[in-house]
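Before any comments, here is the structure.
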Amino acid sequence: MPSEIKLLQDFASYCAQRNKIISQNIANIGTENYRSQDVVFKNVLNENMSSYLKTADGLQPVESENNSTPPYEIITDNSTDKVSEVNNVDIDKQMANLAQNQLNYSFAANKIGDYFKDIDSVIKGTPA
């Protein structure tokens, strides 16, 4: 599978997890002393560049083991600001993050779908 599809799958996985975390934050808007959380997508570019070996002929890919660690990290905001009077969850920020995350997930899902539609059309011998 091409690395672009793997990256899109990782991004879709990140978006799905971020959706869960944002929903959890919104659900806990009235929970006293709850700390909001977020999901950070790991630095994919640096990780991918480290998988190439610099040689006299240029960059050569280095085969690596299948890494099953998720491409994201969950972080907790430990600030003591009580934005919602009882905790640090900012509902406006969470709703904006939710809308942005839905667009990101839709993009990734559509691109992955387009890739497999192209493969399907090649297999069937029909134009894309």
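Every number in this text was worked out from the coordinates using simple rules, so none of it is lab data. These figures come from a predicted structure and were not determined experimentally. A quick note on method: Cβ atoms are made from the backbone with ideal geometry, for glycine too, and the neighbour counts reach across all protein chains shown.
A few comments on the model shown:
- Subset of segment 20-38 [assigned to a loop (DSSP other than H, G, I, E, B) and either touching a strand residue (DSSP E or B) at 6+ places or on another chain (Cβ under 8 Å) or among the hydroxyl-bearing types (Ser, Thr, Tyr) (or both)]: THR31, TYR34, ARG35, SER36
- For segment 1-38, the set of residues classified as under 16 Å from SER79 (Cα atoms) and among the aliphatic types (A, V, I, L, M) consists of ILE29 only.
- Counted residues, segment 30-39 - those being out of contact with any Lys or Arg (no Cβ under 9 Å at 6 or more places or on another chain) and crowded, with 17+ Cβ neighbours inside 10 Å: 2
- Residue pairs whose Cβ atoms lie under 9 Å apart, separated by 6 or more positions or on different chains, with the first residue in segment 20-44 and free of Cβ contacts under 8 Å to residues at least 60 places away in the same chain and hydrophobic (A, V, I, L, M, F, W, C) and the second part of a strand (DSSP E or B) and surrounded by 14 or more Cβ atoms within 10 Å (Cβ to Cβ), are ILE21/GLN37; ILE21/ASP38; ILE21/VAL39; VAL39/TYR72; VAL40/TYR72; PHE41/TYR72.
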